[in-house]
Number of protein chains: 2
Amino acid sequence: MSTPAIHYAQQNHPRFLDELKALLRIPSISTLPEHKADCRKAAQVVADELKRIGMENVRLIDTEGHPLVYADWLHATGKPTALCYGHYDVQPPDPLDEWVSPPFEPQERNGNLYARGAVDDKGQMYMEVKALESLLAANHKLPINVRVLLEGEEEVGGGGIAAFVASKPPEMKADFALVCDSEMFAPNLPTLCVGLRGMIYTELEVRGAKSDLHSGMYGGAAPNPFVALAQIIAKLKDENGHILIPGFYDGIIPPSADELAAWRSLPFNEDEYRTHEVGARELVGESGYSVLERTWARPTLDVHGMPGGFIGAGAKTVIPAKATAKVSMRLVPGMTPAKSFAQYKAYVEKIKPAGVDVDVRLIHQGDPCLVPTDNKYMRAATRALHDVWGKDTVYIRSGGSIPIVGDFARHAGLPSVMMGFGLPDDNLHAPNEKFNLKNFELGIESLIRFFGEAGG
Amino acid sequence: MSTPAIHYAQQNHPRFLDELKALLRIPSISTLPEHKADCRKAAQVVADELKRIGMENVRLIDTEGHPLVYADWLHATGKPTALCYGHYDVQPPDPLDEWVSPPFEPQERNGNLYARGAVDDKGQMYMEVKALESLLAANHKLPINVRVLLEGEEEVGGGGIAAFVASKPPEMKADFALVCDSEMFAPNLPTLCVGLRGMIYTELEVRGAKSDLHSGMYGGAAPNPFVALAQIIAKLKDENGHILIPGFYDGIIPPSADELAAWRSLPFNEDEYRTHEVGARELVGESGYSVLERTWARPTLDVHGMPGGFIGAGAKTVIPAKATAKVSMRLVPGMTPAKSFAQYKAYVEKIKPAGVDVDVRLIHQGDPCLVPTDNKYMRAATRALHDVWGKDTVYIRSGGSIPIVGDFARHAGLPSVMMGFGLPDDNLHAPNEKFNLKNFELGIESLIRFFGEAGG
C-alpha cells in the first residue's frame, strides 16, 4: 500500500541519489586536520537541504571540533518528538590503491553505490532527510514532531555532540532518538540494533634513545622501541584472544539466555562469514564464545597501525628513537572507558621493558550501551519494517560503537531506535565502501512509514 | 714534518670542503627509486673529479642497481697496488623534522659539517680522492699503484659491487683494499677497524583478512596482523636481548682473550656512552657481555619500522588486511647469512599465530668478517696514523656491516685496511649526521702518509 509520501519518494529517487552523490564527493574526513573545511562544507550542504525541504530553525552549531547541524519541525501538536541523528563525517580512505573507483567519486556498480561514506553514514543520514522531505512535500506536514541533530565527529569520538548533549540544551527535548547508523543482519531481513560496544582508542608511544641510531653501531645496547611495543602488545592479549589486563573482564554483564537463544536462531553460517566476509584462513578470538558473542558481547583489543621508524621501500638500518602503536579496545555492558583505560595504563606501565619510556594516551572513548526494546517507538519501528520488508524484525547488537546513543539515554532520557540498512559486506572503514541502492530506496520508505507509525 | 702533498692539502682545504658540500647536496638515497637519477649524478660528479685530478681509465660501470665508479693510476712500477673503496650513496634522511639544518643543505656548525652523508660515506670517500689529488698535484705521481672502486648501493646491500667483485674482473687486481667507511674509537685516537658484523635485512609480511575491516564489527573474530607481528617479534628475542631462534648462536667464534683484553683497555665509559651517545634511561642487551662485546661480537636483532594500517594523526578503527615488519639481524664470525636466514624463516613459520599467513623475505645480506692485522699494509697504516695523530693505533671492531670487505677477501684475496675518521657521535643513519672538520683535514693527511708508507 503506497502513501503519497512513498509515491513522492519513488518518483524522486533518481534526484535523491544524485544529491547523495554530491554529498559523497566532499571528503569530510574528520580525523585529518587538512579536511576541516570539507567537514564544514558537508555540514552546510546538509543544512541547506534541510532548509530547502521545509525544516525550521536550521543552523550549524559550532563545537571545539566540527560543527553540528540542527533543524526542527514542531507543529504536530500532541504528538511525540523524534530526535533524528546521523553523522556527515567519514573515515580516511586509505589504502587508496585498493579502491576499484576513487573513494570520493561515487560510482554505481552491481546495484550498489561505491564511495567512502556511502553507508557510514552519509547515505543513511541522507535517508532521514529524504524521508522528511517526502512527508513534507506530499502532506505539507509531518506526522510527528521532529528535531534533527547531525554531527561531524562520529569517527573521532564525537566530542562535540557529547558536550552539547551533556549541557542539556532545549534542542534535546524529545521523546526518543532515531539513529540511522547500523546495519541489517542479512539482505532483506529487517533489523533493529539494541546494543553497542563502547571503546577506548589509545596510543602507546615508546621512546628509547634520544635520537635515531645506526642499528649496526648500537644494536645490542640501545633499546628498540618497536621491539618494546611488540613485547607490550604480546602481553596485552594472549594467542587465544584473551585480554591479559588485570581486572579487565570484571563486572561484565553477559547477554540474557533469551538474547543468546535469539542470536542462535539468526541466519548465520560461520564458514561463509569466514570465507566471504572476513576472507581469512581461520577466525580468531576467545574460545567458548560464538562469533556473534565475540563481536557483540565480549571486549576485544586491536592494533590499527604502528607509526615510526622507516616504512619506505627497501632497507634502512635504523633503531628509531621512538615508535607508536594505535591500540583500541571495545567494551561491553558492565565496563566503563574510565576504568578500562586506568587498568590498561597501569598494566602497560608495569610490563614495559627495560630501557624505554612509555606514554599511554587516550585518544577518544565511548560507553557501551543497551537500548530498551519494550516501548512504543520500537513497536512502531517493527510495524513499519514489516510493512516495507514483509518480515518480522530481528534484534541484534553491533560490535561497533556509537557513543552518542549512551549519551542520549544518560543526559536526555531518550531511548534510541537504531534502524539501519547497511549490509554485512558494505566494507565500512575499508576500501570499496558501498551502500546497496535498493536498501537506500526501501530505507527511505521504512523511515516514512516509521514516522507515521510513531505518530499514529 | 710536512711534505709537499700535505702542504698542498692544507693550502687547498677550503676548496676541498666546498667540493664536498656540492657532493653532499645531491640526495643520492640508494633505497628510494625516485632518487635513482641523483645516485647516477653523484657517481658522475666523483668520476669527473677523479679524471680532473689525473686518474686514468675513469668510468662508470653499470650494474643492476646504481653504477660503480672506477679509476686507476698504475705507473708505480714494482710498488704494490691499493684498491681504494668508498660509497657515494646515503641513507634516507627521515625523520626530517629532527634535522637542525636540512639534510641536503650542508652547514658548518661547531667545527662540524652537518649533512646526510657527511661521514657515511661521502666525506670519507672524498678524503681518498683529495689525498690522491694532493699527491698527484705535488709530486706528479703516486707512491703506489692505485685503483679506485666506489659504489652506490652500500646502504642497500651492495648487490652491484658484490656481483662485480665475484666476477673477478681485471680491475680487481691489487694487493690490498683501503676502506674508508669506519670510525675512530674516540676523538684524536687513531683507529683501525679489524672486524665487522654481517647482516640479514628482512621483511615479515603478515596477512589476515582479505581486506581492511572495521574493528568494531569484526574485532574478536578477524585476525589482526599487527597483533600477530607483535606476537612473532616477542618470540624472536626475549627481554634480556637473547635471540630465541633455535640454533642461531651455534658456531659463533668468540673474540680471543687478547682481543677482549685490548677492548677492556679502550677509553670507554659505559655511563657516558649511555647518557651522551645513546641517551636512553638504560642500556639493553645480553647479560654477561660488555657493551663492546654486545655491539661488536654478538648477534643482535632489531625492528626498523612496521608499515601498514593507519599511521595518520588521530584515530581510524581498522583491522588492516596486512602489516609488515622490517627486521634485521647482525651476524658475527662463525655465522652465515644463508644459515641464519633459513633458521629464522623456519622458526617464524613455526611460531606464526592462527589465522594469518606470513611471508618471510630477505631484502639484503652481508657476511661478517675479520681482517688480518699482521701484514705490511696494516703496519704502514699504524705508522702513518702515528705521524699525523702522535699516538699508537687502537684496533677495534664495528657493529656495522660493510659486506664488500668479506667479498674483497673471498674473491680477490685482498686484505682490507679499514681506516676511518668518523666519531662516535656523528649520527650515522640518523638526523643531524655530521663529520668533524678537523678529522676531514687530518684524515686526508693520514691517507697521504699512508700511501707513502705503503709504497715505501
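Ordered by the count of other Cβ atoms within 10 Å of each Cβ, fewest first, A:Ser287, A:Ser401, A:Ser211 give A:Ser287, A:Ser211, A:Ser401.
With contacts taken as Cα pairs under 8 Å at a separation of at least 6 residues, chain B carries a relative contact order of 25 percent. Measuring r between the beta carbons of B:Arg383 and B:Thr3 and using R0 = 25 Å, the FRET efficiency lands at 0.95.
In peptide A:328-335, how many Cβ atoms from other protein chains are near each Cβ within 10 Å, on average? Walk me through the numbers before you get to the answer.
Working: counts 7, 2, 6, 0, 0, 0, 0, 0.
Rounded to a whole number, the mean comes out at 2.
Between copies, A:Pro246 shows label-point distances of 3.5 nm, shortest first, with the point placed 7 angstrom from Cα along Cα to C-beta. Charged side chains reduced to their Cβ positions (Lys and Arg at +1, Asp and Glu at -1) give chain A a dipole of some 620 debye around its Cα centre.
With both labels modelled 7 Å from their Cα along Cα-to-Cβ, the A:Ser167 to A:Ser101 distance reads 4.1 nm.
Ranked from shortest, the separations from the 7 Å Cα-to-Cβ label point of A:Arg361 to its equivalents in the other copies are 3.0 nm. Considering the dipole of segment A:114-173 built from charges on the beta carbon (Lys and Arg +1, Asp and Glu -1) around the Cα centre, which of A:Gln124, A:Val165, A:Ser134 is farthest to its positive end? Of the candidates, A:Ser134 comes out farthest on the positive side. For a paramagnetic label modelled on A:Asn139 (point 7 Å from Cα along Cα→Cβ), amide N atoms under 16 Å away belong, within segment A:45-77, to A:54-55, A:73-77.
If you sort the three axes of the alpha carbon gyration tensor as a ≥ b ≥ c, you get a/c of 1.5 or more for segment B:1-75 and a/b no higher than b/c, which makes it oblate. Spin-label model, B:Leu362/A:Arg52: points 7 Å from Cα along the beta carbon direction are separated by 6.4 nm. The mean number of Cβ atoms from other chains found within 10 Å of a Cβ in peptide A:346-359 is 2, as a whole number. In terms of the Cα gyration tensor, with a ≥ b ≥ c the square roots of its eigenvalues, is segment A:261-354 rounded because a/c is under 1.5, prolate because a/b exceeds b/c, or oblate? Oblate, since a/c reaches 1.5 and b/c is not below a/b.
Of B:His411, B:His87, the sequence from fewest to most neighbouring Cβ atoms within 10 angstrom is B:His411, B:His87.
Tell me, B:Arg264, B:Arg383 in order of fewest to most beta-carbon neighbours within 10 Å? Spell out each step's value before the answer.
Values: B:Arg264 11, B:Arg383 16.
The most exposed by this proxy come first: B:Arg264, B:Arg383.
Just need the relative contact order of segment B:279-370 here, percent rounded to a whole number, with Cα pairs under 8 Å and 6+ apart.
It comes to 25 percent, rounded to a whole number.
Would segment B:239-312 count as rounded, prolate or oblate if I go by the C-alpha gyration tensor, calling it rounded below 1.5 in a/c and otherwise prolate when a/b exceeds b/c, oblate otherwise? Oblate.
Residue pairs exceeding 32 angstrom between C-alpha atoms, taken from A:Lys168/A:Lys339; A:Lys316/B:Lys21; A:Lys173/A:Lys434; B:Lys41/B:Lys237; B:Lys237/B:Lys391; B:Lys36/B:Lys434: A:Lys173/A:Lys434; B:Lys41/B:Lys237; B:Lys237/B:Lys391. Inter-copy label distances at B:Thr77, using a point 7 Å along Cα-to-Cβ, come to 12.3 nm with the shortest given first.
The modelled label-to-label distance for the pair A:Thr275/B:Ala22, using points 7 Å beyond Cα in the direction of Cβ, is 6.8 nm.
Within a 10 angstrom radius of each residue's Cβ in B:296-302, how many Cβ atoms of other chains show up on average? Whole number is fine.
Values: counts 3, 1, 2, 2, 9, 5, 15.
Mean inter-chain Cβ contacts per residue within 10 Å come to 5.
Only Cα pairs under 8 Å and 6+ residues apart enter the sum, and on that basis the relative contact order of segment A:82-208 stands at 35 percent.
None of the figures in this text is laboratory data; all of them are computed from the coordinates on show. Every value quoted in this text rests on a predicted model; they were computed, and no experiment measured them. When we count neighbours, we look across all protein chains shown, and the Cβ atoms used for this are built from the backbone with ideal geometry, even at glycine.
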